[in-house]
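This report refers to the structure that appears directly beneath it.
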Amino acid sequence: MTAPNVLDRQFKADAPNQKWVADFTYIPTREGWLYLAVVLDLYSRMVVGWSMQRHMSTELVSDAMTMALWRRRPTALLQHSDQGSQYANELYQLLLADNDIQCSMSRSGNVWDNSAMEAFFSSLKIERVHRRGYRTRDEARSDIFNYIECFYNPHRRHSTLDYVSPAAYERLQAAQKH
């Protein structure tokens, strides 16, 4: 099942957990590909969910979304992805429906419709993956976990966030509201 492009390249959100984007990418290792699925909150560019597996599957993207739901517990959420079979799959669509999440999908063949997610993958690959040669999937998993949880979310500065990290941006915005 595909959905209309409700996000329509509106990559700003006024608060956390209003708009999430999701996608997956391929990480090369000497053992073969490692697939990484990510869910990104457009408010702060925080990676709120991720999953890594040997196979490109609905389980890969569902696990990333489940992590994001567990961490953030959103209400009134719009989630945007491409029209890939993993996201159009009935089980993934049920996960969204069971959590009252509105689904939005990029137009067919239009990578710019999910450019915020593509920007994250570009940063990951330029800053980390292309600088390393992973022997094993486990080595890649460990390094990518470290990049997301120990560098990207807490420390990596973003021009779209006035040059603070996703975690710092959320803290600063929460403090200003109190």
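Summary table below
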quantity	calculated
Pair list, Cβ < 6 Å and 6+ apart or interchain, from the range 132-152 residues that are within 15 Å of PHE120 (Cα to Cα) to residues that are assigned to a loop (DSSP other than H, G, I, E, B)	TYR147/ARG128
From the options VAL129, VAL164, residue that is closer than 19 Å to ARG30 by Cβ and among the hydrophobic types (A, V, I, L, M, F, W, C)	VAL129
Residues located in the range 1-29, provided they are polar (S, T, N, Q) and part of a strand (DSSP E or B)	THR25, THR29
Any hit, the range 124-146, residues being over 24 Å from TYR35 (Cα atoms), outside any loop (DSSP other than H, G, I, E, B), of a type in the set (Phe, Trp, Tyr) and at pLDDT 90 or above	no
Subset of the range 79-105 that is under 12 Å from VAL61 (Cα atoms) and among the hydrophobic types (A, V, I, L, M, F, W, C) - its residue that is surrounded by the fewest Cβ atoms within 10 Å (Cβ to Cβ)	LEU91
The range 41-65, residues that are surrounded by fewer than 24 Cβ atoms within 10 Å (Cβ to Cβ), modelled with pLDDT of 95 or more, touching a Leu at 6+ places or on another chain (Cβ under 7 Å) and assigned to a helix (DSSP H, G or I)	SER62
Where a residue in the range 1-29 is free of Cβ contacts under 8 Å to residues at least 60 places away in the same chain and of a type outside the set (S, T, N, Q) and its partner, wherever it lies, is surrounded by fewer than 19 Cβ atoms within 10 Å (Cβ to Cβ) and not in a loop (DSSP other than H, G, I, E, B), with Cβ under 7 Å and at least six apart	TYR26/TRP33
Any hit, the range 98-108, residues being among the small types (Gly, Ala, Ser) and assigned to a loop (DSSP other than H, G, I, E, B)	yes
Top-ranked residue in the range 153-169 [being in contact (Cβ under 8 Å) with a residue 60 or more places away in the chain and not hydroxyl-bearing (Ser, Thr, Tyr); ranked as farthest from SER123 (Cα to Cα)]	ALA167
Selection within the range 111-131 - more than 20 Å from TRP20 (Cα to Cα), touching a residue at least 12 places away in the same chain (Cβ under 8 Å) and surrounded by fewer than 16 Cβ atoms within 10 Å (Cβ to Cβ)	LYS125, GLU127
SER108, sole failed condition from (1) in contact with a Leu (Cβ under 8 Å, 6 or more places away or on another chain); (2) surrounded by fewer than 18 Cβ atoms within 10 Å (Cβ to Cβ); (3) modelled with pLDDT under 90	(1)
Qualifying residue in the range 147-165 (condition: closer than 19 Å to LEU36 by Cβ and part of a loop (DSSP other than H, G, I, E, B))	yes
VAL38 being more than 28 Å from LYS177 (Cα to Cα) and buried (at least 22 other Cβ atoms within 10 Å of the Cβ)	yes
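The values are calculated or read from the model by the stated rules, or taken from the named source; none is laboratory data. Treat the numbers as computed from the prediction; the structure is a model and nothing was measured. All Cβ positions, even for glycine, are placed from backbone atoms using ideal geometry, and neighbour counts span all protein chains on display.
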